[in-house]
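This report refers to the structure that appears directly beneath it.
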Amino acid sequence: MALKARRSVCQFCLHQQAVAVFKTIPLNRRCSTNSYGEEVTEDVDVRKLLKDSRITVRTPLEADDVNLDVHSGEFKTSISAKAVLNLNKPPKSKNRFDLSQKSAFMFGGDSLHMDSVFVDRLSADPSVGEVFEEASSLLGYNVLDICLNGNSDLWNSLNYSDVVTFVTSMAEIAWIKKHRPLVHDGLIMTCGIGVGEISALVAAGALGMPQALKLVKDRRDALQQAVRLSESGLAVVYGSKKTKFAALCEHLKSFGELGGIEEPVCNVAIHLFACTKVIGGHMQCLKHLEALQKEYNIRKIVPLKSAIALHTPLMKAASEQFAVALNDVVFNDPKTWTASVYSGVTGARYQRDDFVKKNSYAAKMMLLKQLTSPVKWETIANRFSQRGRNDEYPNYYEIGSGALIKESFRQINAKAYTRCRKLKSFIEFVERREI
């Protein structure tokens, strides 16, 4: 049976045409019984049927992609006859929640865009000032003074970068709790890059601030041991569809070998969004990026002010010391958590059972692997972009001074990005109202 279908028809029409074609298949072609009375399912030649109905092979047969190969991501050329018969069945209803009043926190992992004026306005609130006072008493120096009177070189130094990033994030959380309690009460998801993942654990209720701050300090001390062993760094590489990042990294490693490095390291450190990665490794390798820009179709290269190649194998030297610090960490009961936390190593949610079994070994291993494994931020952002019952998105709050989160989220899902919020706008509104 040939269907008179135009090429420019809607997806629903294509689906109906495919179902109509499959209905014409004789029943004994769909399923039959053998000599023992057992049902035998035959395969249907989908390629021929789609050709007859003028529907492209790339067209999904239904919303759930029944003919999609989960391993290759390509559409199959033949599917089970049972699957064909199920095409007429209505899709199962999905139990979704209303996300319009829910919140998701995204924590930055660097202090590249620290704003001392913003911190000054933030710390004017007494509840926020208490956060800085508590952090200063635990660390033994004035964190607020560093934030207000420091400069970019000081903020980005290994001594203070993680501490400043974590404490300012906790200060913003304290402000939200006081002035926007509904935002905090509606929190359902948290995530972060680098040290921002520890901030996410605190926001979800997995850790208290004193223990988390000690963990941040121990993490910094471990990284300082690794940075002494080699000169390394990070760079944001804006590529194109033709850019082969794996081949680029291997090419850069060859320059390291020529420079006398026995085992050069150059790997993707953060998967930001399509065709854009943060690459980290030996500086002997990274300094040749511009020379390969044309060959690998790279649009732009932005070196980051980082003296250390986080999320690459170069941080293996810091793992042993940080593992000792993680051994003493005691997480809160997962039953008391208020939100889910996403891991940068897997791009998926932490399993809460991992925080109670065998001294939370599995969860601590994730935090340890984070030092040497690339951050799957693109995967996390796609999971964060889930829609609710009426196709609405939750409200996203970018917390911390990192700029990569905002840019990457806009590139990954423009519609979800319209729901992103910045704390600065809220503070300005509260200040105007109080005046």
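The values are calculated or read from the model by the stated rules, or taken from the named source; none is laboratory data. Since the model is a prediction, treat every value here as computed from it, not as a measurement. FYI the Cβ positions are ideal-geometry reconstructions off the backbone, even for glycines, and counts take in every protein chain you see. In case anyone asks, the SASA skips ligands and DNA or RNA and just uses the protein heavy atoms, side chains included. Shrake-Rupley method; radii C 1.70, N 1.55, O 1.52, S 1.80 Å.
Exactly one of (1) at pLDDT below 90; (2) among the polar types (S, T, N, Q); (3) within 23 Å of the chain's Cα centre (by Cα) is unmet by residue 359. Its number?
That leaves (3) as the condition not met.
Collect the residues in segment 305-359 that are out of contact with any Lys or Arg (no Cβ under 8 Å at 6 or more places or on another chain), surrounded by 18 or more Cβ atoms within 10 Å (Cβ to Cβ) and not small (Gly, Ala, Ser), keeping them in residue-number order.
Within segment 305-359, 308, 310, 311, 312, 314, 315, 331, 350, 354, 355 meet the criteria.
Please go through segment 208-234 and give me each residue that is within 26 Å of the chain's Cα centre (by Cα), of a type outside the set (A, V, I, L, M, F, W, C) and outside any helix (DSSP H, G or I), ordered by number.
Correct list: 208, 232, 233.
With the condition being in contact with a Pro (Cβ under 7 Å, 6 or more places away or on another chain) and more than 23 Å from residue 408 (Cβ to Cβ), I'd like the strands (runs of 3 or more DSSP E) fully within segment 252-352 carrying at least 1 qualifying residues.
276-282
Any residue in segment 249-259 that is among the aliphatic types (A, V, I, L, M) and closer than 25 Å to residue 193 by Cβ? I'd like the intermediate steps shown before the answer.
Pass one, segment 249-259, residues among the aliphatic types (A, V, I, L, M): 252, 258.
This time we only want the ones that are closer than 25 Å to residue 193 by Cβ, so: 252.
Looking through segment 249-259, at least one residue is among the aliphatic types (A, V, I, L, M) and closer than 25 Å to residue 193 by Cβ.
State yes or no: is residue 223 touching a residue at least 60 places away in the same chain (Cβ under 8 Å), open to solvent by 50 Å² or more (accessible area, probe 1.4 Å) and touching a helix residue (DSSP H, G or I) at 6+ places or on another chain (Cβ under 6 Å)?
no
Checking the structure you have, find out if any residue of segment 184-197 is in a helix (DSSP H, G or I), among the hydrophobic types (A, V, I, L, M, F, W, C), out of contact with any Leu (no Cβ under 6 Å at 6 or more places or on another chain) and in contact (Cβ under 8 Å) with a residue 40 or more places away in the chain. Talk me through it step by step, then tell me what you get.
If we filter segment 184-197 for residues that are in a helix (DSSP H, G or I), which is where we start, we get 184-185, 196-197.
Still in the running and among the hydrophobic types (A, V, I, L, M, F, W, C): none.
The answer is no, given that none of the residues of segment 184-197 is in a helix (DSSP H, G or I), among the hydrophobic types (A, V, I, L, M, F, W, C), out of contact with any Leu (no Cβ under 6 Å at 6 or more places or on another chain) and in contact (Cβ under 8 Å) with a residue 40 or more places away in the chain.
Can you name every residue in segment 327-366 that is in contact with a helix residue (DSSP H, G or I) (Cβ under 6 Å, 6 or more places away or on another chain) and under 25 Å from residue 281 (Cβ atoms)?
Of everything in segment 327-366, those that are in contact with a helix residue (DSSP H, G or I) (Cβ under 6 Å, 6 or more places away or on another chain) and under 25 Å from residue 281 (Cβ atoms) turn out to be 343, 344, 345, 347.
For residue 186, which of the numbered conditions (1) closer than 25 Å to residue 421 by Cα; (2) surrounded by fewer than 17 Cβ atoms within 10 Å (Cβ to Cβ) fails to hold?
Evaluating residue 186 over (1) closer than 25 Å to residue 421 by Cα; (2) surrounded by fewer than 17 Cβ atoms within 10 Å (Cβ to Cβ) leaves (2) as the failure.
Among the residues of segment 242-278, which ones are open to solvent by 40 Å² or more (accessible area, probe 1.4 Å), over 20 Å from residue 344 (Cβ atoms) and in contact (Cβ under 8 Å) with a residue 40 or more places away in the chain?
Listed by number, the residues that qualify are 242, 244, 247, 251.
Under 7 Å by Cβ, and 6 or more places apart or on different chains, what pairs join a residue from segment 279-291 that is on the phi > 0 side of the Ramachandran plot with one that is in a strand (DSSP E or B)?
Note: pairs meeting the criteria are 281/232; 281/266; 281/267.
Restricting to segment 360-376, give me the number of residues that are assigned to a helix (DSSP H, G or I) and either of a type outside the set (Lys, Arg) or open to solvent by less than 50 Å² (accessible area, probe 1.4 Å) (or both).
9
Would you confirm, using the coordinates I've provided, whether residue 385 is within 26 Å of residue 237 (Cα to Cα), surrounded by fewer than 20 Cβ atoms within 10 Å (Cβ to Cβ) and small (Gly, Ala, Ser)?
yes
Taking the residues in segment 388-413 that are polar (S, T, N, Q) and touching a residue at least 40 places away in the same chain (Cβ under 8 Å) as candidates, determine which candidate is most open to solvent (accessible area, probe 1.4 Å).
390
Within segment 298-325, work out how many residues are under 27 Å from residue 353 (Cβ atoms) and touching a Ser or Thr at 6+ places or on another chain (Cβ under 9 Å).
Step one: of segment 298-325, the residues under 27 Å from residue 353 (Cβ atoms) are 311, 319-320, 322-325.
So of that shortlist, the ones also touching a Ser or Thr at 6+ places or on another chain (Cβ under 9 Å) come out as 311, 319.
Adding up the residues that qualify gives 2.
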